[in-house]
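Student: Before anything else, here's the structure in question.
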Amino acid sequence: MPSRRAIYPGSFDPLTNGHLSLIQRGLKVFDGLVVAVANNPAKKALFSVDDRKRMIREAVNGDPRVVIDSFDGLLVDYAKQQGVHTVLRGLRAVSDFEYEFQIANMNRKLDPEFESVFMMTGEDYFYVASSLVREVASFGGDVSGLVPPNVTAALRARFAR
Ligand code: ADP
C-alpha cells in the first residue's frame, strides 16, 4: 500500500505542546508528516523561520516520519511541489472553525485535488496558542508545561534582554 503523507502547515511561532500533540496524533493516521513553517512576511514573527524549524526538529527528536520544512506563498502551490495533497490542521475551539472552513474551501477551489483533514486538540491543550504563549512569556510568566523544554529555554533567552 502506498504511504500516506500530509502537510501540517503553520506559523509555529513558537511550537507548543498543542502542536506537538497534533503531530503525534497525526502520525497515528498518516505514515509521515511534513511540518511546514509558513514564512509570512506580513506577520511579524518572534522567532526566525530557521529558529522555528530548529525548535521543531529538537522537539520531535529525529523521528524519521517527520520532515521539517518551510514555504513561502500559497500552500496549494507548496503542496503540489511536494506531491502531497492532504493538509492536517488542528481545531481548538469553535473560533477556529470559521477561519479553517474558509481556508479549506479556498484551497479546494485553487486545487480540486486538495483535501484538508482536521483533528481536535486534546483537552489538555485546547487553550494553548502560540500568541498567548508569546504574550505570557514576554511578561515573565511561566510557560513550561505548555511548550517543550527547548522552547521554554528559547523564550527565556529571548525575553531576558
Ligand atoms: P497559523 O498561523 O497557520 O494558524 P499556528 O502555528 O497558530 O499557525 O497553528 C498551526 C496549526 O496548528 C493550526 O491548524 C492550528 O489550529 C493548530 N494548533 C495550534 N495550537 C493548537 C492546539 N493547542 N491544539 C491543536 N491544534 C493547534
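The values are calculated or read from the model by the stated rules, or taken from the named source; none is laboratory data. Quick caveat: nothing in here was measured; it's all calculated off a predicted structure. Here Cβ is always computed from backbone atoms with ideal geometry, including for glycine, and neighbour counts include all displayed protein chains. For the accessible areas, the whole protein counts, side chains as well, though only heavy atoms, and no ligand, DNA or RNA atoms are used. Shrake-Rupley method; radii C 1.70, N 1.55, O 1.52, S 1.80 Å.
Student: Report TYR99's accessible area, 1.4 Å probe, all protein chains in place, as a number in Å² to the nearest 10.
Tutor: 130
Student: Which residue, ASN61, ASN107, ASN17, has the most motion in a Gaussian network model of the chain that connects Cα atoms within less than 10 Å?
Tutor: ASN61
Student: Could you work out the relative contact order of region 1-112, using alpha carbon pairs under 8 angstrom and six or more residues apart, expressed as a whole percent? Intermediate values should be presented prior to the final figure.
Tutor: Values: 132 pairs, mean separation 35.1, N = 112.
Dividing the mean separation by the residue count of region 1-112 yields 31 percent.
Student: On to the next question. Which angle from 0 to 90°, rounded to the nearest 10, does the C-alpha axis of helix 94-110 make with the longest principal axis of the chain?
Tutor: Long axis of 94-110 versus the principal axis of the chain: about 40 degrees.
Student: Taking the Cα centre of region 34-87 as origin and charging only Cβ (+1 Lys, Arg; -1 Asp, Glu), how large is the dipole, in debye to the nearest 20? Mind dumping the intermediate values first?
Tutor: Details: 8 positive and 7 negative charges, 22 e Å.
So the magnitude is around 100 debye.
Student: Per DSSP H run of n ≥ 4, the term is -39500 (n - 2.57); total these for the chain, divide by its residue number, and report the mean residue ellipticity at 222 nm rounded to 500 deg cm²/dmol.
Tutor: Values: 6 runs with 71 residues, N = 161.
Only helices count here, giving -13500 deg cm²/dmol.
Student: Shifting gears a bit: Students sometimes get this wrong: rank ILE56, ILE68 by accessible area, probe 1.4 Å, all chains present, largest first. Write down the numbers at each step before the final one.
Tutor: Details: ILE56 0, ILE68 30 Å².
Ranked list, largest accessible area first: ILE68, ILE56.
Student: Could you compute how much accessible surface ILE103 exposes when probed at 1.4 Å, giving the result in Å² to the nearest 10?
Tutor: 60
Student: Compute the long axis of helix 17-29 from its Cα atoms, compare it with the longest principal axis of the Cα atoms of the chain, and write down the angle in degrees, 0 to 90, nearest 10.
Tutor: 30
Student: Shifting gears a bit: Identify which of PRO14, PRO149, PRO112 has the largest mean-square fluctuation in a Gaussian network model of the chain, with springs joining Cα atoms closer than 10 Å.
Tutor: Result: PRO112 has the largest fluctuation of those listed.
Student: Within the chain, what whole-number % of the accessible surface is contributed by carbon and sulfur, with the 1.4 Å probe and all protein chains included in the calculation? Numbers along the way, then the final one.
Tutor: Working: 5030 of 9380 Å².
It is 54 percent, rounded to a whole number.
Student: So, one more: Name the shape class, rounded, prolate or oblate, that the alpha-carbon gyration tensor gives for the chain, where a ≥ b ≥ c are the square roots of its eigenvalues, rounded holds for a/c under 1.5, and otherwise prolate holds if a/b is larger than b/c and oblate otherwise.
Tutor: The shape class here is prolate.
Student: Follow-up. How large is ³J(HN,Hα), in whole Hz, for each residue of region 71-78 in order, when computed from phi with the Karplus curve 6.51 cos²θ - 1.76 cosθ + 1.60 and θ = phi - 60°, using x for Gly and Pro?
Tutor: My calculation for region 71-78 gives 8, 10, x, 6, 4, 5, 5, 4 Hz in order.
Student: Another question, then. Roughly how big is the chain's charge dipole about its Cα centre, with Cβ charges of +1 (Lys, Arg) and -1 (Asp, Glu), in debye to the nearest 20? Walk me through the numbers before you get to the answer.
Tutor: Values: 20 positive and 19 negative charges, 56 e Å.
With Lys and Arg at +1 and Asp and Glu at -1, about 280 debye.
Student: List the residues whose amide H sits under 5 Å from the amide H of VAL147, counting only those 5 or more places along or on another chain, with H placed 1.01 Å from N in the peptide plane.
Tutor: ASN17
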